[in-house]
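Nothing in this text is a laboratory measurement; each read-out follows from the coordinates by a stated rule. Treat the numbers as computed from the prediction; the structure is a model and nothing was measured. Every residue, glycine among them, receives a Cβ derived from its backbone with ideal geometry; neighbour counts consider all protein chains shown.
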Amino acid sequence: MNTAIAVGDYLAEQGLLHCDETITYDFSPQVFTNAYVRAWEVPSDPVYLIIEEINRGNCAQIFGDLFQLLDRDDDGVSEYKIKADEDLARYLQSKLGVTHEGIKGGNLCLPSNLNIIATMNTSDQSLFPMDSAFKRRWDWEYVPINYSPDIDSGKYTITIGCNKYRWVDFLEEVNKRILEVTDSEDKQMGNFFIKDFVGEDKFKSKVMFYLWHEVCKDEFHTKNNFFRSTTKEKQEEKEFSFNDLYKDRSTDLLKGFMDYLDVPLVARADTSTAEASTSAAAETTSTETTA
């Protein structure tokens, strides 16, 4: 009942609920329509319509007839026009004018300054596939994983106990292992799998969880399983499972995991100095008390 009342109030505010209690429907422009109108209104300025993770939806259903507009001529204008439905046509005619090129004859046509940019993660699973006819209407730019310490994600570190490791160093080494085990790049992690500095708990629950369930779980007790812990001297090697990270000495297990992958240390607390200082302080306290 509360929902129905709220809907009634909203319709009244929008002028869609009349005194005779009839409901009327009006065209409401969305992102594409707004970008389309803007591009035609300011032909000298570039207009960008950005679609994030385009492969998370069914492109054929999302674009519909607009699919045909993606074919552009040498000037960047749609080669083939499509007929706009009546509601959209009326709206565009009210905004641009009946004889405007953007809706002349009731037809849609993308102007050259309307740029559509989409992103997608090719490694994501269980998403909608794109057919080749749709793909070929786009220019593609592959963005590889960047292991440089000079980029934003290159500044992130992983803290395990007193040890710090650079995220991109870990990423480079673990991605080599993922490729060896899966013979595919699809399950490799990208720069922003983590988006900040991480401690041991978050590293276990996010990164190690992913590596175990997506890569190593089915390889347990085989040489392909890289869930292994060792010492820097490589004198002893121990295979472990994800659950072992929530038992005693999990910190040592993770440090050994980093050693096994040959991930270099960025920083380590000087425990010997700290212990010496503590010991000296204890002796001073003891002497003063005796005196």
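Summary of values
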item	result
The chain: angle of helix 31-41 to the longest principal axis, Cα-based, in degrees nearest 10	60 degrees
Calculated FRET efficiency for the pair Y25/N107, C-beta based, R₀ 22 Å, to 0.05	0.40
Computed lengthening from A6 to D73, 0.36 nm per intervening residue step minus Cα-Cα distance	19.2 nm
Charged-residue dipole, Cβ positions (Lys, Arg, Asp, Glu), the chain about Cα centre, Debye nearest 20	360 debye
Only Lys, Arg (+1) and Asp, Glu (-1) charged, at Cβ; the stretch 144-269 dipole about Cα centre in debye	380 debye
Under Karplus coefficients 6.51, -1.76 and 1.60, residue-wise ³J(HN,Hα) of the stretch 204-216 in Hz, glycine/proline x	5, 6, 10, 6, 5, 4, 4, 4, 5, 6, 9, 10, 9
Loop sites in the stretch 23-122: trypsin sites (Lys or Arg not before Pro), DSSP, at most 14 other Cβ within 10 Å	none
Dipole of the chain, positive direction: furthest Cα of L179, N146, T33, with charges on the beta-carbon	L179
Length released on extending from D131 to D152, taking residue separation times 0.36 nm less the Cα-Cα span	4.1 nm
Computed FRET value (nearest 0.05) for W140 with H221, which takes r as the C-beta separation and R₀ as 51 Å	0.80
Chymotrypsin sites (Phe, Trp or Tyr not before Pro) lying in DSSP loop within the stretch 136-232, provided at most 11 other Cβ fall within 10 Å	W140, Y142
For the chain, convex hull of alpha carbons as volume per residue, Å³	298 Å³
Exposure proxy order (Cβ contacts within 10 Å, fewest to most) of C109, C162	C162, C109
The stretch 6-147: mean projected area of Cα convex hull, nm²	12.9 nm²
Qualifying GluC sites (Glu not before Pro) for the stretch 20-94 [loop in DSSP, other Cβ within 10 Å: at most 12]	E21, E52, E53
DSSP-defined beta bridges in the chain - what % are antiparallel, rounded to 5	70 percent
